[in-house]
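Report on the structure given below.
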Amino acid sequence: MSYPKECFVALAAEKRGAFVLGRLRKYGLNRIPAVSVVTAVATLFAASAGFFAPVRSLAAEPPSGWTAVGLSASGSCAETEATAGAFLVRYRPGADGLLPETVERLEAMSGGKVRAQSPNAASVGSVSFTAPVPAKRVADVLGDDPNVAFAEPACPVRIADGPAAAGDPYFPYQWQLAAVGLPDVWPLVSRKARARVTVAVLDTGVDLSHEDLAAALVPGYDFVANDPVPEDRHGHGTHVAGVVAAVADNAVGVAGAASGVRLMPVKVVDDSGRGNTAALVQGIYWAVDHGADVINLSVGSPYPSLFLEEAIRYAVRHGVVVVAAAGNGSDRYPEGNPGDLGRPPGVPDGKTAGAMVRPVEYPAAYVEAIAVGALDRAPDGTWRPADFSNGGDELDVSAPGVDVLGPDLSFGGISRYAFRSGTSAAAPIASGLAALLLAADSSLLQARDERRVEAVRRRLQETARDVGPPGFDPDTGFGLFDAREAFGRPSLRPEPPADRVEGEVPLRVSVRAYDGSLVENASGAGELEIVGANGETERSVARLPFVVRNGTADVVWDASGVDPGRYLLRARAVDGGWVSGWTDVTVVSGNGMTRRTSVEGGKRVLRVVYSENAAAGRPDEAGERLLDARTLPGEAPADAVEVEFPASWRPAAQVSLRIRTDETEWRFGPGVFPAETEGGKIIWRAERESVAPASVVPDGFVLCSDVWHVFVRVDDSPVVSFGAPAEARVANRYGCGRPERTAAFVRADAEALAPKEGWRWAGGDRASEGKWAFRTETPGRIAVMSYVGSFADIAGHWAREDVEALAARMTVGGTGGGRFEPDRAVTRAEFVAMLVRAFGLSASGETAAGDTRFIDVPSGAWYASAVNAAARAGWIEGYGDGRFGPGDPMTREQMAVVLARAFPAGKADAGGADAKEPIVLRFVDAGDVSDWAHDAVAAVAAAGRLNGYPDGQFRPRQPATRAEAAVVVKRLASERRP
């Protein structure tokens, strides 16, 4: 049933004592003993006279008035339900925020100030507005900023709160603590140990001066106001924080589930109870980076978010236990049922819903979080899912969530308390137990990785009491968690000799008490399962039975017959009733394959070596050898990956070879590598360049991927070019918009050029798994880049589209000052450089050695390598006196000769089947064509590569403009690559 408003009365605690108003029995609120009518009337009179303020009730309905600014996108909220004026932004490496011009555009669009949160350690920031803005326009503006990798509209987040009621500040009325056995385990954890644990409460903030909380607080942050004062003006966060760790034994108020631990208040929801994923994501990163051991999230959203999921994973990877409320959107019991507590959000007045169970909300629905549902206790003492509590397979455990007593906002300097209902009230009870488990076991507290998170999760799950069907069920998870069992039942702990193993591995399994000590009198049987965890699916490779005597058991695992990689060691009891335990190891060699990591020059290097008889390198049914060189789950990313394999494995007819790393993938077909030599080997290596983008990326471009330096050696001799193109895929790590302006670029090692020069367009297209697919004929430096520049003087120009398309291929550049000068005559050097760049003609070799084919082309000139490469290829000859004339204008007939030599198009005078006369004679100025250019002009005109003017002229001796040259090269690039 819904609680009448007249039940919501104040709870006041004075320094020398406290008193409480209970809920009147006539409303069926009979869990709290009634107080005298005289006391009730007196206190109600005092409240009405202004001595005490009514307890503020938090609406069960979601906040109204959300303004649509979000983008409809897979994995995010719909546009009509996104949070007004907020975006999450992933910045590119080295970027410190939005460009000033981006902020100016956004402010002009919104008509107000824009607040851009600087990127954190994970390169995540946020952008918010003082007024609603069109989401599509915001996305377009952010997409134009080269500092932005990608962005996502913030989705609404609501506190997972239910009805509120008045209550007693004394511990005897905190029925939820005794219901899960918490008081029984408090003596087992010293206050000194508890003080080492910090629980971050991400909510509406905390009443910083509350007498039951102030002594427990450590510095926090307010991501709503963007300041270090997370003051609560709502009450929800204060209640949640107090349920976790209100100060005990201070003669006032209540006791927290884990009194004595530190509380870190992080405000991510505003004073009206509304929030969004932008603040929530920022708050999670901040809490992890500032030392939180447990994060309580009594907030939720029905919408998944890529940024939110990444933030939860970031926390778990750092060993932070994330406890989240399942949400309050359900209506399990119809009106009249004893379990009915009123209408859920979204159900109109007068409608009896009932039997409606909504799914677990986010972030609780993410597998890394511990999802907590709420339970209600019936008058007969049995448990049932709370009317409002969401359910599903994501649910882990449940806790009391109806009429949970905790602190409320102070009023007039007097601290107050209130009963609240919701999964918001259940989650902090679980967070308190998680904090106590960490505090009790110092070895667990020190393990700042996902293993300690899973240890806590297993204790909560496997010691929970069934309150529904036996085992797991989607309504209560594994049941009502039980603090007595969580502390009282020993757990199994697999103990490998080292993190990295090979061959025969001796393994010990020990039985440990809640504090990590050995249970020396433990005996019983169990099984240790070895599970390969090197891909998306797990694979069991061994099951080893063991018998525990005097608290330990020893087994041996022969790892020589498995592939190197990460393996989980899962120990479970057969007849001992212990909590299961797990750890992981890395097998470094086996099945003819060795896998080792090292640190060289500050870079983490992964080396994978395959022997001739390695099982992992055998061709599959499709005739492909797959050499897997990815890092293992939980491992730090590798800065360099090196793969060594026998030269006899080089691709041949019907057999290809694929090398896969975390961020790249390479496929080599027949003819790529030189012929094999006796007993030879091939070494392939990809190394992430640790350079500032500005030092290697040409002006007007941004990186969409890291820069990878790829080396190949055969029998210790470097491979400078492949015998056939290799297929490559590189992770589009930083995201890029406008695919037509994005491409892969390759810079061969043989190029003796400045770092920003020598990049050759390799094209490609988006592929699966967020990678960019392309082909390359050389190893060297590889990167995916996107063109974001432009030229000020081509706006509205007839050749603008072709000029920008070539600029995106690094075929043309500007002339300085952001200009292209489209109508200026193109020089002979400029045109030849365009062709060489457009078609990847090698500009290395003799040029690097100082080759000068023409007396007027000095070796240090910017165009020297291109001119000499074109001369070697027979594209150009120069003047008869040994000069090239690099600064001379390129006439149209000279251009025709170069094009005809570089791209032969058949017989010059062929004009097609209907031709009545040679093509060249169709031009009214045909007589002006030089004899040496006659055939070339006819050939390129017939092929449509160089056309005449509307007046019928070809104008052979007129200098071509830079715009005309760009159009010709673009036309050829679309037609073919030599």
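The values are calculated or read from the model by the stated rules, or taken from the named source; none is laboratory data. This is a predicted model, so every value here is computed, not measured. For neighbour counting, all protein chains shown are included, and Cβ atoms are generated from backbone atoms with ideal geometry for every residue, glycine included. Please note that ligands, DNA and RNA were not included when accessible areas were found on the heavy atoms of the full protein model with its side chains. Shrake-Rupley method; radii C 1.70, N 1.55, O 1.52, S 1.80 Å.
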> What are the semi-axes of the equivalent ellipsoid of the stretch 104-213, taken as the square roots of 5 times the eigenvalues of the Cα gyration tensor, listed largest first and rounded to whole Å?
Replying inline: 45, 19, 13
> Mind checking the alpha-carbon convex hull of the stretch 80-153 and giving the volume per residue in Å³?
Replying inline: 77
> Which cross-chain or sequence-distant (5 or more) residues have an amide H under 5 Å from the amide H of Ala257, H modelled 1.01 Å from N in plane?
Replying inline: Val244, Ala245, Ala246
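Ranked by accessible surface with a 1.4 Å probe, highest first, in what order do Phe645, Phe923 come?
Numbers: Phe645 0, Phe923 30 Å².
Result of the area sort, largest leading: Phe923, Phe645.
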>> From the phi angles alone, apply the Karplus equation (6.51, -1.76, 1.60; θ = phi - 60°) to the stretch 597-607 and give each ³J(HN,Hα) in whole Hz, x where the residue is Gly or Pro.
In response: 10, 8, 10, 10, x, x, 10, 7, 10, 9, 10
>> For the stretch 681-734, compute Rg over Rh where Rg is the Cα radius of gyration and Rh is the Kirkwood radius from the inverse mean 1/r over Cα pairs.
In response: 1.04
> So how far, in whole Å, is the C-alpha centre of the stretch 367-383 from the one of the stretch 285-344?
Replying inline: 14
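Step through the table entries Lys136/Lys603; Lys603/Lys771; Lys113/Lys970; Lys113/Lys603; Lys136/Lys267; Lys267/Lys603, compare each Cα-Cα distance with 32 Å, and write down the pairs that go over it.
Numbers: Lys136/Lys603 41 Å; Lys603/Lys771 23 Å; Lys113/Lys970 43 Å; Lys113/Lys603 42 Å; Lys136/Lys267 29 Å; Lys267/Lys603 38 Å.
Violating the 32 Å Cα-Cα cut-off are Lys136/Lys603; Lys113/Lys970; Lys113/Lys603; Lys267/Lys603.
Provide the per residue accessible area, probe 1.4 Å, for the stretch 593-787, rounded to a whole number of square angstrom. Kindly include the intermediate steps, with their values, before the conclusion.
Numbers: 8380 Å² over 195 residues.
That works out to 43 Å² per residue.
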> Separation of the stretch 444-489 and the stretch 787-843 by C-alpha centroid, Å?
Replying inline: 64
> So what's the net charge close to Ala522: Lys and Arg +1, Asp and Glu -1, counting the other residues with Cβ under 13 Å from its Cβ?
Replying inline: +2
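What ranking of His290, His709 comes out by heavy-atom accessible area, probe 1.4 Å, highest first?
Numbers: His290 105, His709 20 Å².
Final ranking, largest accessible area leading: His290, His709.
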> What accessible area, in Å² to the nearest ten, does a 1.4 Å probe give for Cys704?
Replying inline: 0
>> At 1.4 Å probe size, with the rest of the protein present, what percent of the exposed accessible area of the stretch 80-153 is carbon and sulfur atoms?
In response: 51
>> Net charge around Arg313, counting only other residues with Cβ within less than 13 Å of its Cβ (Lys, Arg = +1; Asp, Glu = -1)?
In response: -4
> In bins 5 Å wide, starting from 0, what share of all Cα pairs of the stretch 149-271 does each bin hold, as a percent?
Replying inline: 2, 11, 19, 21, 19, 13, 8, 4, 2, 1, 0
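Kirkwood hydrodynamic radius (Cα pairs, Å) of the stretch 504-585? Before the final figure, lay out each step's value.
Details: mean 1/r = 0.0752 Å⁻¹.
Value: 13.3 Å, from the Cα pair sum.
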> So what does Tyr333 come to for accessible area, using a 1.4 Å probe and Å² rounded to 10?
Replying inline: 40
>> Using a probe radius of 1.4 Å on heavy atoms only, what accessible surface per residue do you get for the stretch 504-585? Whole Å² is fine.
In response: 46
> Considering the alpha-carbon set of the stretch 565-708 alone, what are its Rg and its Dmax in angstrom?
Replying inline: 19.3, 68
> For the stretch 99-224, what is the accessible area per residue in Å² when the probe is 1.4 Å?
Replying inline: 37
> Scattering from the C-alpha atoms of the stretch 593-787 alone, worked out with Debye: what is log10 I(q)/I(0) at q = 0.11, 0.13, 0.19 1/Å?
Replying inline: -0.49, -0.69, -1.45
> Using the Kirkwood radius built from alpha carbon pairs, what does the Stokes-Einstein equation give as D for the stretch 359-409 at 20 °C and 1.002 mPa s, in µm² per second?
Replying inline: 179
>> I'd like the Karplus ³J(HN,Hα) series for the stretch 183-190: coefficients 6.51, -1.76, 1.60, θ = phi - 60°, whole numbers in Hz, and an x wherever there's a Gly or Pro.
In response: x, 6, 9, 4, x, 7, 10, 5
